[in-house]
Amino acid sequence: MGRWRRSPPVFRSIFLKTLRDYRIAILGWGIGMGLVIVSPMASVATLISTPQQRAALASLAASFAWNADPVKADTVGGYATFKIGIFVFLIVVWPLLAASRMLRGEEERSSLDVLLSVPRTRVRVAVEKVAAMWAALLAMAVLIGVIAFLGGKGFKADFTLVDGLLFGLNLALICAVFGGVALLASQFTQERGPAAGITAFVLLFAIVVDMVHRVIPNTDWVSRFSPIYYYNLSKPLIPSYGTSAGGMLVQLGLAAVLSGAAIWLFARRDVGSTVALPRWLSLPRRAPTTALPVRDWSLRSVYTRSLGMIGIPTFWWTLGIAAGAGWMVVVVQQLVGRMQTLLAGSPAFQHLLIQMGGAGAAFNASFLNAMFQLLPLLLMAFAVTQVNRWSADEDDGRLEIVLSTPHSRILVLLGRFAALATATVAIGLVTLAVTAIAASVVGVALDGTNLAEAVLGIIPMGLLVAAIGYLASGWLRTAADTGLVSFLLAAWFFISFIGPDLNWPDATLRVSPFYYYGSPLLHGLQLANVAVLLGVGIVALGLASLRFARKDIGV
Amino acid sequence: MTQPMIEVEKLTKSYGGKRGIADVSFQVGEGEVFGFLGPNGAGKTTTIRVLMALLRADSGSARVAGLDCWDGSIAIKRLIGYVPGEPSLDPNLTGGQILEYFANLRGGVDQAYLKQLIQRLDLDPSRKFRQYSTGNKRKVVLIQAFMHRPRVLILDEPTSGLDPLNQQEFDSMVNEASAQGCTVFLSSHVLSEVEKTCTRVGIIREGRLVRTGGVHELKDIKRYEITIAFAEVVPVETFKALEGVADVEMLNNGHAVRLAMQGAADAVIKAASRYHVVSLTSYEPSLEDVFLRYYEGDGQVAPEPARV
């Protein structure tokens, strides 16, 4: 028998073991997000080469105030802070996922039963896990801060290493707040997925609430209800603006209260169960039926069952995407008048608008086009969650009995994919309806065909991500598969939104599906481009089917 | 053996460089109940998952009803009811919904028979799968395997988590299925269950099938014990060299002996009769003993030195 080796230090406490589990995320997310911060710094030099351009950039930034406060946008640190703007939601994705699975995920796998059998209180177990996540966020903050500082040094920024680290700390704090939301939400849900979904919805809502005061005058009090407001109070990369200790303390307090409440509830509820909600807050439940057959429409086939499974997440994502699109239309109406005045007086300004995300004579469409670039990203993120579910079902053995029925593996995969396709089409159609209604209600004139193409054009983008994810799941386990498609999504996004600023070659820009999406609100969808997206998607799905038909299941 | 329903020939499957199964060969006749025995990690589940076309064999062949398990998997699955070793089902569906879903996917399920199975195993179909105990989860999986009256049942440790009453009910279900001509392939390490339900048994160890045969045939390698209590002290040498005695142990300061026997007890009885015997007890080994013995060495019955 082999000699039992003394366990390494990382296995000596729950805190260290959990921190060890986060090591890849710390490096990946920390370095990745650091590079995200540095990317816009690279392009700012080309945007402020003359005093006129500098002035025009500052004015243009003011018109995009819905995205971020336009503070010193004509400096390296100011432009980076402004450009990142609402993309804070990308950074919050990791703590959102990590916190929703921190306790609930372990309960789903029943591994928490074993962990709670060790002589430690539940509170201690939960506190150690939360502390590990906070420590991971701090480590990421240091990485992000150092990379931001080095990037700033390279592009002659005027902020110091301390400023860079404070920037990272501010990000870590907002991440801890939404980690706390996810942990709290997971006390009320049976699975980690809904907890992550609820938190994503709260995050989007908080972003929109924070936007309000930048779009509608005298509404500062509304935005104060959003944690994002307190995050935006600090702009450490702009030395003259500095850091708000108060804003940071509010975030720290919120994170502590939310996590503390979650731990308090966790210590008092049944493991494997949820906190009981008051009756008036609970969803109405159908009385369970003992009679068979149940005659439930969703139990008729793999396709209908998959549709039944995807229904609730689709509802929430539709709500988020459609509401976001409707909000964009409302915001655009606020900005158009101001923008027209600026554009008329400055050719440099017009040039900048093109570089910052699209322009044209039709102001409404120009602005909305820039904002609508978020829609395919959101639908693709939804596709990533469904790729994760497909892959997890195989890993967890949930396909085992389905594949023991007389249906080919290819039909099982295609049934599942067809349900996802149906969900994406539904999201597209509802978003189109909401956008058209919002435009009509607030009086924003838009080309109906272009609007339809812009909204429905996101569907092939979502399906492409799903097909690639399904293909990768033929070789990779859930975490690696989800990580790969998430990475691809982030890489594509930044190729398309940073690449043009850096004058990257056309061949590189063509790697990203966003290139093929183009600016449909301005120019309509190009049929050839849609064909490319669909073609690649179909090939990926075909290969995914062939691979799935031949692979060992659950290995 | 009747016409073979399951034929496995030199089946080999590895996971990268790690062992799965190697050169496994056996046949299961139609209507037969075949027990597949082995400890954890021996290769039982790998063999079953190859039969179910969830894994693709590296070499060798596996056939069910004359059809290749991989190429003819869909046709085979029309004949099969399957219980996986670690069943995982949608936690948000009720037991009833799960059974209806699989009834729809399989087709040909008699609702009256399904209700009868639910009653027999005393399952409440209105509860969500996540709310079931381990035993109740197992019942759902068992019912979905039996509900379409399959011609072949492939069951991977089917009674794990069931209480004794439900195990008994399961035994009856297997016996009834077998009586109706159903072929049953059942993996287990609960040997008493195999003893009760199976006609033939195969033992797998470290990926290799070390023996197949009738349940009774396997007992030819069995040892049994005889404990004899005497009114006086009896020297253990009296029994040491006797035919059929594998081991002797002195008990109670020489007033009793425990004999490990392999073969006939005639010589022992005759030797003991020379003394005043107070009591004599014989223990029949269970299949567990036979099974454990197989894992002492490499599948051969290891001779043990007699102990005094």
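A compact table of results
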item	result
Options A:Ala255, A:Ala267: the member that is surrounded by 15 or more Cβ atoms within 10 Å (Cβ to Cβ) and more than 14 Å from chain B (Cβ to nearest Cβ)	A:Ala255
Search result, residues across the stretch A:101-125 that are within 14 Å of another protein chain (Cβ to nearest Cβ), open to solvent by 70 Å² or more (accessible area, probe 1.4 Å) and in a loop (DSSP other than H, G, I, E, B)	A:Arg109
Check on A:Asp69, under 27 Å from A:Met140 (Cβ atoms), assigned to a loop (DSSP other than H, G, I, E, B) and open to solvent by 30 Å² or more (accessible area, probe 1.4 Å)	yes
Matching residues, the stretch A:291-333, being open to solvent by 50 Å² or more (accessible area, probe 1.4 Å), of a type in the set (A, V, I, L, M, F, W, C) and more than 23 Å from the chain's Cα centre (by Cα)	A:Ala291, A:Trp297
Any pair with Cβ under 9 angstrom, 6 or more apart, that starts in the stretch B:159-171 at a residue that is buried (at least 19 other Cβ atoms within 10 Å of the Cβ) and ends at one that is of a type in the set (Phe, Trp, Tyr) and modelled with pLDDT of 90 or more	B:Thr159/B:Phe170; B:Leu162/B:Phe170
For B:Gly29: the one exception among (1) open to solvent by less than 10 Å² (accessible area, probe 1.4 Å); (2) within 14 Å of another protein chain (Cβ to nearest Cβ)	(2)
Qualifying residue in the stretch A:124-136 (condition: farther than 30 Å from A:Phe188 by Cβ and touching a Pro at 6+ places or on another chain (Cβ under 9 Å))	no
Which numbered condition B:Ala75 fails, given (1) out of contact with any helix residue (DSSP H, G or I) (no Cβ under 7 Å at 6 or more places or on another chain); (2) more than 10 Å from chain A (Cβ to nearest Cβ); (3) among the aliphatic types (A, V, I, L, M)	(2)
Of residues in the stretch B:172-188 being part of a loop (DSSP other than H, G, I, E, B) and in contact (Cβ under 8 Å) with a residue 40 or more places away in the chain, the one least open to solvent (accessible area, probe 1.4 Å)	B:Cys182
Any chance A:Ser391 is within 13 Å of chain B (Cβ to nearest Cβ) and either open to solvent by less than 30 Å² (accessible area, probe 1.4 Å) or closer than 30 Å to A:Phe201 by Cα (or both)	no
Residue ID - surrounded by the fewest Cβ atoms within 10 Å (Cβ to Cβ), chosen from residues in the stretch A:511-555 that are within 14 Å of chain B (Cβ to nearest Cβ) and not in a loop (DSSP other than H, G, I, E, B)	A:Arg550
Single residue of the stretch B:249-265 satisfying the filter (on the phi > 0 side of the Ramachandran plot and small (Gly, Ala, Ser)) that is most open to solvent (accessible area, probe 1.4 Å)	B:Gly263
Residue match in the stretch B:46-56 (condition: open to solvent by 20 Å² or more (accessible area, probe 1.4 Å) and within 21 Å of B:Ala177 (Cβ to Cβ))	no
Failed item, numbered, when B:Gly244 is tested on (1) closer than 30 Å to B:Gln167 by Cα; (2) open to solvent by less than 50 Å² (accessible area, probe 1.4 Å)	(1)
Any hit, the stretch A:412-433, residues being assigned to a helix (DSSP H, G or I) and within 11 Å of chain B (Cβ to nearest Cβ)	yes
Selected residue (criterion: least open to solvent (accessible area, probe 1.4 Å)) from residues of the stretch A:236-252 that are in a helix (DSSP H, G or I) and aliphatic (A, V, I, L, M)	A:Met248
Selected residue (criterion: surrounded by the fewest Cβ atoms within 10 Å (Cβ to Cβ)) from residues of the stretch B:80-139 that are of a type in the set (Val, Ile, Thr) and facing chain A (nearest Cβ under 8 Å)	B:Ile118
Single residue of A:Thr508, A:Thr482 found to be away from chain B (no Cβ under 14 Å), farther than 19 Å from A:Arg389 by Cα and β-branched (Val, Ile, Thr)	A:Thr508
Residue tally, condition over 21 Å from A:Ala419 (Cβ atoms) and either part of a helix (DSSP H, G or I) or free of Cβ contacts under 8 Å to residues at least 40 places away in the same chain (or both), over the stretch A:456-488	7
Qualifying position, being farther than 17 Å from A:Leu374 by Cα, among the acidic types (Asp, Glu) and buried (at least 20 other Cβ atoms within 10 Å of the Cβ), among A:Asp506, A:Asp481	A:Asp481
Selection status of A:Val384, crowded, with 19+ Cβ neighbours inside 10 Å and modelled with pLDDT of 65 or more	yes
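Residue by residue, here is whether (1) open to solvent by 20 Å² or more (accessible area, probe 1.4 Å); (2) among the hydroxyl-bearing types (Ser, Thr, Tyr); (3) under 23 Å from the mean Cα position of the chain (by Cα) holds:
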| position | (1), (2), (3) |
| --- | --- |
| A:Thr405 | no, yes, no |
| A:Leu414 | yes, no, no |
| A:Ala419 | no, no, yes |
| A:Ile427 | no, no, yes |
| A:Val434 | yes, no, yes |
| A:Val444 | no, no, no |
| A:Gly448 | yes, no, no |
| A:Ala452 | yes, no, no |
| A:Val455 | no, no, yes |
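The values are calculated or read from the model by the stated rules, or taken from the named source; none is laboratory data. Quick caveat, the model's predicted, so the values are computed rather than measured. A quick note on method: Cβ atoms are made from the backbone with ideal geometry, for glycine too, and the neighbour counts reach across all protein chains shown. These accessible areas exclude ligands, DNA and RNA; they are computed on the full protein's heavy atoms, side chains included. Shrake-Rupley method; radii C 1.70, N 1.55, O 1.52, S 1.80 Å.
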